[in-house]
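Reading through the structure tokens given below for one structure.
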Amino acid sequence: MAITVGGSDPPELRPFESADEAGVLELLAADRLPGQPECSARMLADAVAGRSDADLDAWAALAGTVITTVLCTPGGAIAGAVSCAGQPGDGTALLLWLHCHEDFSTAQALIAQTLQCNDSRPVHAFTLACAITRGLVGLPEYHRRVTREALQAAGFTTRGRCRYLRAELPIAGLPHLADVQMNDTTSPPGKHLQVRRPGHVLAQATLERPVDGVGLIRSITVAPHARGQGMGLGLLGNALDVLVGLGAREAIVYLDEAGADPERDPAVALRTYAASDFTQVDRLLTFTRLPTAALTPD
């Protein structure tokens, strides 16, 4: 069913159709961040169908609930698109992704469409990695400023923050650790590096194989009792060498600022990456909006 928005000759909100593919891919290309793959027709099809190689259990729980809506101009061009879903388990809703050429009125209309269907329950926004990116969770704070402002105007508040870092490879001059054990991982395909001493794991790193020349460092952790010895920086040197050996020309990292894991100190990790020529692409934000009733004072 199509829904009109605004006054005379308004744009139209309607469900995504296969004929919209080129217009939506253009929206996604306009918002692509450095280090992220170009979104293909297959990636978009997976996102619309509610499939993703990341967060598999979370996506499985959304089976059959994903709805993608496009906003069309009077001339038929695709001005924006939004995808949302319900979580049957806990009664919340998800705004999965939204693209709008950073036009405030378009973002407002797409967010309003999402809330119209979910105004009686909490809505979380940008909290899952979708098929249209490489494991990216969150809305880029600076590259997507207009969308962020539209979310905040609609009552969304920031829920979590993550730094998105990137570096070109190879990087010369980094230290390396000796006696690093390495094993293959399968889901997703990559490598797991580990530094052990009898009875103890001192440090470990998880890497994803390069895609289009970009390798992903999932994590580097150092046990609390082993910190202050340069093990994090040394293991990073090993990890980057492994990625280069697998064909990587770039490396990306998602660094959660919350620091809930006692073996991951985000401040120390940020200094380690900064010392290794990584630069911040953007900060990634997730959001939450309570139901209207919960926002209304007694």
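Taking the criterion of being in a helix (DSSP H, G or I) and open to solvent by 20 Å² or more (accessible area, probe 1.4 Å), the residues of the range 233-254 that qualify are L233, N238, D241, V242, V244, G245.
Here the condition is being touching a residue at least 12 places away in the same chain (Cβ under 8 Å) and either crowded, with 21+ Cβ neighbours inside 10 Å or touching a strand residue (DSSP E or B) at 6+ places or on another chain (Cβ under 9 Å) (or both); of A41, A77, A58, it holds for A58 alone. Look at (1) open to solvent by 10 Å² or more (accessible area, probe 1.4 Å); (2) in contact (Cβ under 8 Å) with a residue 60 or more places away in the chain; (3) closer than 26 Å to L255 by Cβ; (4) of a type outside the set (D, E, K, R) and you find that A125 fails only one, number (1).
For E17, state whether it is surrounded by 14 or more Cβ atoms within 10 Å (Cβ to Cβ) and charged (D, E, K, R). Against the criterion (surrounded by 14 or more Cβ atoms within 10 Å (Cβ to Cβ) and charged (D, E, K, R)), E17 does not qualify.
Residues that are open to solvent by less than 30 Å² (accessible area, probe 1.4 Å) and assigned to a loop (DSSP other than H, G, I, E, B) within the range 159-170 comprise just one, L169.
Of all residues in the range 23-48, those satisfying the criterion of being assigned to a helix (DSSP H, G or I) and small (G, A, S) are G23, A29, A30, A41, A45, A47. The test for being surrounded by 15 or more Cβ atoms within 10 Å (Cβ to Cβ) and either in contact (Cβ under 8 Å) with a residue 40 or more places away in the chain or over 19 Å from the mean Cα position of the chain (by Cα) (or both) does not hold for L94. Taking the numbered list (1) within 20 Å of the chain's Cα centre (by Cα); (2) surrounded by fewer than 19 Cβ atoms within 10 Å (Cβ to Cβ); (3) on the phi < 0 side of the Ramachandran plot in turn, D212 passes all entries but (3). Among the conditions (1) closer than 20 Å to T114 by Cβ; (2) more than 18 Å from the chain's Cα centre (by Cα), L28 misses just one, which is (2).
Restricting attention to the range 144-158, the residues that are open to solvent by less than 40 Å² (accessible area, probe 1.4 Å) and under 21 Å from R121 (Cα atoms) total 5.
So is Y142 assigned to a strand (DSSP E or B), within 27 Å of L33 (Cα to Cα) and in contact (Cβ under 8 Å) with a residue 40 or more places away in the chain or not? Taking the combined requirement at face value, the residue does not satisfy it. Pairs, please: C-beta under 7 Å, at least 6 apart or cross-chain, first residue in a helix (DSSP H, G or I) and surrounded by fewer than 16 Cβ atoms within 10 Å (Cβ to Cβ) and in the range 102-114, second modelled with pLDDT of 95 or more and of a type outside the set (D, E)? Listed pairs, sorted by first residue: F104/V146; F104/A150. Check the range 255-277 and report whether any residue there is outside any helix (DSSP H, G or I), closer than 30 Å to A153 by Cβ and at pLDDT 95 or above. Yes, the conditions are met somewhere in the range 255-277. Restricting attention to the range 53-101, the residues being closer than 20 Å to F156 by Cβ, assigned to a strand (DSSP E or B) and of a type outside the set (A, V, I, L, M) number 10.
The values are calculated or read from the model by the stated rules, or taken from the named source; none is laboratory data. On a predicted model such as this, the values are computed, not experimentally measured, just so you know. So basically every Cβ, Gly included, is an ideal-geometry build from the backbone, and we count neighbours across all protein chains shown. Surface accessibility is based on the protein's heavy atoms, side chains included, excluding ligands, DNA and RNA. Shrake-Rupley method; radii C 1.70, N 1.55, O 1.52, S 1.80 Å.
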